1. When you check Lys124 against the structure, is it out of contact with any Ser or Thr (no Cβ under 9 Å at 6 or more places or on another chain), exposed (fewer than 12 other Cβ atoms within 10 Å of the Cβ), under 20 Å from Lys43 (Cβ atoms) and modelled with pLDDT of 95 or more, yes or no?
2. Which condition does Asp51 not pass, out of (1) modelled with pLDDT under 95; (2) within 23 Å of Arg153 (Cβ to Cβ); (3) of a type in the set (D, E, K, R), if it passes all the others?
3. Please specify each residue of the range 155-174 satisfying the condition of being farther than 24 Å from Thr189 by Cα and surrounded by 14 or more Cβ atoms within 10 Å (Cβ to Cβ).
4. Looking at the range 130-144, can you tell me whether even one residue there is farther than 30 Å from Gly21 by Cβ, surrounded by fewer than 15 Cβ atoms within 10 Å (Cβ to Cβ), over 14 Å from the mean Cα position of the chain (by Cα) and at pLDDT below 90?
5. Hey, among Leu69, Leu41, Leu76, Leu88, which residue is crowded, with 17+ Cβ neighbours inside 10 Å, modelled with pLDDT under 95 and either over 18 Å from Leu15 (Cα atoms) or touching a strand residue (DSSP E or B) at 6+ places or on another chain (Cβ under 9 Å) (or both)?
6. Just one of Lys100, Lys93, Lys124, Lys66 is under 19 Å from Gly22 (Cα atoms), basic (Lys, Arg) and under 16 Å from the mean Cα position of the chain (by Cα); which is it?
7. Against the condition over 22 Å from Ser170 (Cα atoms) and either touching a Pro at 6+ places or on another chain (Cβ under 6 Å) or acidic (Asp, Glu) (or both), how does Glu139 come out, does it pass?
8. Go through (1) charged (D, E, K, R); (2) at pLDDT below 95; (3) crowded, with 19+ Cβ neighbours inside 10 Å for Lys26 and report which single condition fails.
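The values are calculated or read from the model by the stated rules, or taken from the named source; none is laboratory data. Just so it is clear, the model here is predicted, and its values are computed rather than measured. Here the Cβ is made from the backbone with ideal geometry for all residues, glycine too, and neighbour counts use every protein chain on show.
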Amino acid sequence: MRGFNYKKSVQALNLIALKSGGIVNKMKAIKLIWLADRLHLRKYGRTITGDVYFALPHGPIPSTTKDILTQNSFTLSEDEFTYIDEYLTILGKYEYQSCKEPYYKVFSQTDIASIEDIFKFYGKYDQYELRDISHRFPEWKRWEQKIGQTNSRFLMDYRDFFKDPPINSSIFKEDPEDLALIESLFFRTENSISDATEK
């Protein structure tokens, strides 16, 4: 994926906390961001955050977004910590709080719409319900038999994000022809960028 956008990730976390009443469980927020990234990728050919996803026992994890919530000093810069602290307060191991109105200018209109649509559809579930829901999606199912046996995490393939989940989820029911076109354009662009980088 093209570059992780930490400002979008922080503001997505901020917006989710605000919609949750100001304080939200970290795992719940992580799952909602994954769903919003998944939805935006399928509709518009890119994710919101640009994060890299891994399959872990509790479901899909956006790697650097998780580092923001765990305040991982090995992966985050001083500038990133300053930005995080301006908008989010980490309340401990399980929760964080919005401490400032989201800066919406980092988002496109489709970014905001995708986050809001996902929150309307999935925001009613708690973190454990969202974990169980995530275990039914193809990007996690691919690694189900291996998780916990060999490695602690497995890199997800964005091709699986374009597959429909085997559950009644009307929010992931795009027109098949449109979805195939967006997938084709996405991977063609990704391959072009990779080729240019290698040269």
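1. Details: out of contact with any Ser or Thr (no Cβ under 9 Å at 6 or more places or on another chain): yes; exposed (fewer than 12 other Cβ atoms within 10 Å of the Cβ): yes; under 20 Å from Lys43 (Cβ atoms): no; modelled with pLDDT of 95 or more: yes.
No; evaluated as a whole, the condition is false for this residue.
2. (1)
3. Initial filter on the range 155-174 (farther than 24 Å from Thr189 by Cα): 165-171.
Across the range 155-174, the qualifying residues are Pro165, Ser169, Ile171.
4. Initial filter on the range 130-144 (farther than 30 Å from Gly21 by Cβ): 138, 141-144.
From what is left, the residues that are surrounded by fewer than 15 Cβ atoms within 10 Å (Cβ to Cβ) are 144.
From what's left, over 14 Å from the mean Cα position of the chain (by Cα): 144.
Within this subset, residues satisfying the condition of being at pLDDT below 90 are none.
Looking for residues that are farther than 30 Å from Gly21 by Cβ, surrounded by fewer than 15 Cβ atoms within 10 Å (Cβ to Cβ), over 14 Å from the mean Cα position of the chain (by Cα) and at pLDDT below 90, one finds none in the range 130-144, hence no.
5. Numbers: Leu69 fails: modelled with pLDDT under 95; Leu41 fails: modelled with pLDDT under 95; Leu88 fails: modelled with pLDDT under 95.
One residue alone meets the criteria, Leu76.
6. Details: Lys100 fails: under 16 Å from the mean Cα position of the chain (by Cα); Lys93 fails: under 16 Å from the mean Cα position of the chain (by Cα); Lys124 fails: under 16 Å from the mean Cα position of the chain (by Cα).
Unique residue meeting the criteria: Lys66.
7. Values: over 22 Å from Ser170 (Cα atoms): no; either touching a Pro at 6+ places or on another chain (Cβ under 6 Å) or acidic (Asp, Glu) (or both): yes.
It is false that Glu139 is over 22 Å from Ser170 (Cα atoms) and either touching a Pro at 6+ places or on another chain (Cβ under 6 Å) or acidic (Asp, Glu) (or both).
8. (2)
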